[in-house]
1. I'd like the full set of residues that are more than 7 Å from every other protein chain (Cβ to nearest Cβ) and without any contact (Cβ under 8 Å) to a residue 12 or more places away in the chain, limited to region B:135-145.
2. Within region B:50-63, take every residue that is in contact (Cβ under 8 Å) with a residue 40 or more places away in the chain and within 9 Å of DNA strand D (Cβ to nearest atom) and give me the one that is farthest from B:Ser21 (Cα to Cα).
3. Tell me which of these B:Ile11 doesn't satisfy, since it passes every other one: (1) surrounded by fewer than 21 Cβ atoms within 10 Å (Cβ to Cβ); (2) out of contact with any Phe, Trp or Tyr (no Cβ under 7 Å at 6 or more places or on another chain); (3) in a helix (DSSP H, G or I).
4. Hand me the list of helices (runs of 4 or more DSSP H) wholly inside region B:34-145 holding 1 or more residues that are within 14 Å of B:Cys7 (Cα to Cα) and open to solvent by less than 40 Å² (accessible area, probe 1.4 Å).
5. I need every pair where a residue in region A:112-130 that is at the interface with chain B (Cβ under 7 Å from one of its Cβ atoms) has its Cβ under 6 Å from the Cβ of a residue that is assigned to a helix (DSSP H, G or I), sequence separation at least 6 or different chains.
6. Looking only at region A:82-89, decide whether some residue is in contact (Cβ under 8 Å) with a residue 24 or more places away in the chain, under 27 Å from A:Pro39 (Cβ atoms) and facing another protein chain (nearest Cβ under 7 Å).
7. State whether one or more residues within region A:61-69 are in contact with a Lys or Arg (Cβ under 8 Å, 6 or more places away or on another chain) and small (Gly, Ala, Ser).
8. Does region B:1-14 include one or more residues that are within 12 Å of the chain's Cα centre (by Cα) and basic (Lys, Arg)?
Protein chains: 2
Amino acid sequence: MMFSKACEYGIRAAVYIALQSLDGRRVSVSEIAEEIDSPIAFTAKILQQLNRNNIVHSVKGPTGGFEIDRENMDTVKLSMIVKAIDGDKIYTGCGLGLKECNAQKPCPLHDKFVDIRSNLRTMLISTSLFELATGLEVGLTYLKR
Amino acid sequence: MMFSKACEYGIRAAVYIALQSLDGRRVSVSEIAEEIDSPIAFTAKILQQLNRNNIVHSVKGPTGGFEIDRENMDTVKLSMIVKAIDGDKIYTGCGLGLKECNAQKPCPLHDKFVDIRSNLRTMLISTSLFELATGLEVGLTYLKR
DNA sequence: TATAAATAGGACAAAAATGTCCTTTATTAA
DNA sequence: TTAATAAAGGACATTTTTGTCCTATTTATA
């Protein structure tokens, strides 16, 4: 609806990894892809990006996999994942695709988007992985289907 | 940011046509593409879609072109253009791409998206082409760059 | 130290979105 | 009635996104 497929998978994967890390479990790409119902090799690429951006931590070799430190679950906000994968056009871009659209030279929808964009931005900036993982843990939310 | 390129061009084209129709001028695809800074042949395709959905009216032959009745400028809301081009996933789709995501079985972002989506929906449903065209007419808004 | 398990990463493939070109159809006006 | 003009539409081309496959690298453990 709003994010690319890659970003959707990235968020779902990060939330799943966070959930498992709360139990001290490191998880493999194949488990992640299974649990969030995503294409495995594509998910692996996205996890590489998240790793490079220090959003998740990867460990190679046997007993390896992905994990997120308890500390990072609070530090990492949705906005960081979105920015790492989709860039920041969701914040800065014009709703009608104009290159320069701002209060001085607004597109016809500029003012109408101000609040919507601001709400979205605030939500993304203030929502942590920990918050999302705990909802899952309690069984209130789902990552599949 | 939120709409496809096709939809962005479609909205900009419709607003431009509405503006010119206020002056009783019918406009050609090439003029539209010039004025909204869009690829001409692609814009023509999009205008065909808008015509089929009775959002704009087209006339073939010399002196032909696109126009929008004064009445339709009030009737046609942004939501209709978006739906004609991008479908209604913007309203109905899940932020994380789950097939079935609802209050009973929500994704971790479901509740957080409720307000944002609702604001967006309300804005699209309540904004008419006339409103957008008059902003342009008065020189308060722009469709290019 | 050899083997196996796991991620990293490059190259490729498929699908979808974006964009172009050319012919057909309708219509105006000379 | 013919010529010119404009949209309609089909076929094709390009680019981006999504997705796959294979090899290299790292590392735990037998």
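1. B:Val138, B:Gly139, B:Leu140
2. Top of the filtered list is B:Leu50.
3. For B:Ile11, the failing item is (1).
4. Details: elements: B:40-52, B:70-75, B:78-86, B:89-92, B:110-126, B:129-137.
The qualifying helices (runs of 4 or more DSSP H) are B:40-52, B:78-86, B:89-92, B:110-126.
5. A:Lys112/B:Met123; A:Ile116/B:Asn119; A:Ile116/B:Leu120; A:Asn119/B:Ile116; A:Leu120/B:Ile116; A:Met123/B:Lys112; A:Thr127/A:Leu78
6. Checking region A:82-89: not a single residue is in contact (Cβ under 8 Å) with a residue 24 or more places away in the chain, under 27 Å from A:Pro39 (Cβ atoms) and facing another protein chain (nearest Cβ under 7 Å).
7. First, the residues of region A:61-69 that are in contact with a Lys or Arg (Cβ under 8 Å, 6 or more places away or on another chain): A:63-67.
Okay, now just the ones that are also small (Gly, Ala, Ser), so A:64-65.
Yes, region A:61-69 contains at least one residue that is in contact with a Lys or Arg (Cβ under 8 Å, 6 or more places away or on another chain) and small (Gly, Ala, Ser).
8. yes
The values are calculated or read from the model by the stated rules, or taken from the named source; none is laboratory data. Since this is a predicted model, take the numbers as computed values, not measurements. As a convention, Cβ positions derive from the backbone with ideal geometry for all residues, glycine included, and neighbour counts pool all protein chains shown. Each accessible area value is taken on the protein alone, full model and side chains, heavy atoms only, with ligands, DNA and RNA left out. Shrake-Rupley method; radii C 1.70, N 1.55, O 1.52, S 1.80 Å.
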